[in-house]
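Working notes for the structure below.
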């Protein structure tokens, strides 16, 4: 009798191990995003521009990265959370007929430490209103518990009042991509905003499989672009044998990688499956490159090795500052903005 009981226990343990060890396959009933190369190469320029530290150039859209495919963009609100080293903007791209929201990623000087920290990050926060869904507390906090979220939500509301019910495109690189994903979900769930599209670059994992399932249903029009051996999309680590507890990417991934030799090298843009963890895409290579994290589609990502920003004193009329030094610059796109071209004897303030 005792022997039979132990045999049954052993069988149950084996079944449990098999179930837990099987790699989870996240499927989605709704249609996933179709990859659009032109849109991705446009949004990557917004994800690059948001790194700029000269607020005057960024607010007036005259920065060195504020041209080419983003020319004519009208910034409505620029949010600078100095306390947490965060930055984002909201504006209208008439050529896309859309409101564009962009979030800055981690500054270059802190990337190695940030990557090392991500190797050990655990799922540590229950996402509100989603049973069993868990997320990365730091990424969640960066969007939800700073000046960024109210600034973005208010700017989107104002943009819709000015321009009507435009589509919304949210983008960001690295940690900015994580914030973009939380923003897209927030606008869809908590503010009942339709037509939300998210395109991120070099984004880390932000939640578990349960979170991914909810996210995929609610924000299906999402593309995660990964590049070669970029280390960040491999973080925090994915452990297929602990499928319910591990971090998991949401779909749809588009993996950029080079093939060929010498001068015959060209880039492949592979559209991956609907699992979020396609083993034939970026997971098929070792994620060991920081340099491939800092350039997407040939566009430089990242900025100066500081969280300080430069702002012309004449922009004071457009800015509000809280007691912690965080700044929001707002403007009416239909009103003229003060001319801010550099002139002699007009100093700039460093925040």
Revision key, fill the gap. Note on segment 197-207: residues in contact with a strand residue (DSSP E or B) (Cβ under 8 Å, 6 or more places away or on another chain) and surrounded by 24 or more Cβ atoms within 10 Å (Cβ to Cβ) are 198, 199, 200, 201, 202, 203, 205, 206, 207
Check your understanding: Identify, please: which residue in segment 253-268 is touching a residue at least 12 places away in the same chain (Cβ under 8 Å) and either out of contact with any strand residue (DSSP E or B) (no Cβ under 6 Å at 6 or more places or on another chain) or surrounded by fewer than 13 Cβ atoms within 10 Å (Cβ to Cβ) (or both) and is, among those, nearest to residue 120 (Cα to Cα)?
Key -> 258
Practice item. Determine whether segment 122-142 contains at least one residue that is within 18 Å of residue 85 (Cβ to Cβ) and touching a helix residue (DSSP H, G or I) at 6+ places or on another chain (Cβ under 6 Å). Key: yes
Review point. Does residue 170 fit the bill of being surrounded by 19 or more Cβ atoms within 10 Å (Cβ to Cβ), touching a residue at least 12 places away in the same chain (Cβ under 8 Å), touching a strand residue (DSSP E or B) at 6+ places or on another chain (Cβ under 8 Å) and not in a helix (DSSP H, G or I)?
Key: yes
Point to revise | The listed residue being closer than 22 Å to residue 233 by Cα, modelled with pLDDT under 95 and under 14 Å from the mean Cα position of the chain (by Cα), out of 172, 184, 177, 138 | key: 138
Review point. Which of the residues that make up segment 309-339 are in contact with a strand residue (DSSP E or B) (Cβ under 6 Å, 6 or more places away or on another chain), closer than 19 Å to residue 148 by Cβ and either modelled with pLDDT of 85 or more or in a loop (DSSP other than H, G, I, E, B) (or both)?
Key: 309, 318, 319, 320, 321, 326, 327, 328, 329, 330
Check your understanding: Which members of segment 290-308 meet the condition of being surrounded by fewer than 19 Cβ atoms within 10 Å (Cβ to Cβ) and part of a helix (DSSP H, G or I)?
Key -> 291
Practice item. Could you please find all residues in segment 229-241 being surrounded by fewer than 18 Cβ atoms within 10 Å (Cβ to Cβ) and in a loop (DSSP other than H, G, I, E, B)? Key: 237, 239
Point to revise | Test: residue 287 is at pLDDT below 95, under 27 Å from residue 96 (Cβ atoms) and in a loop (DSSP other than H, G, I, E, B) | key: no
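The values are calculated or read from the model by the stated rules, or taken from the named source; none is laboratory data. Everything numeric here is computed off the predicted structure, so don't read it as measured data. Cβ coordinates were reconstructed from backbone atoms using ideal geometry, including for glycine residues, and neighbour counts include every protein chain displayed.
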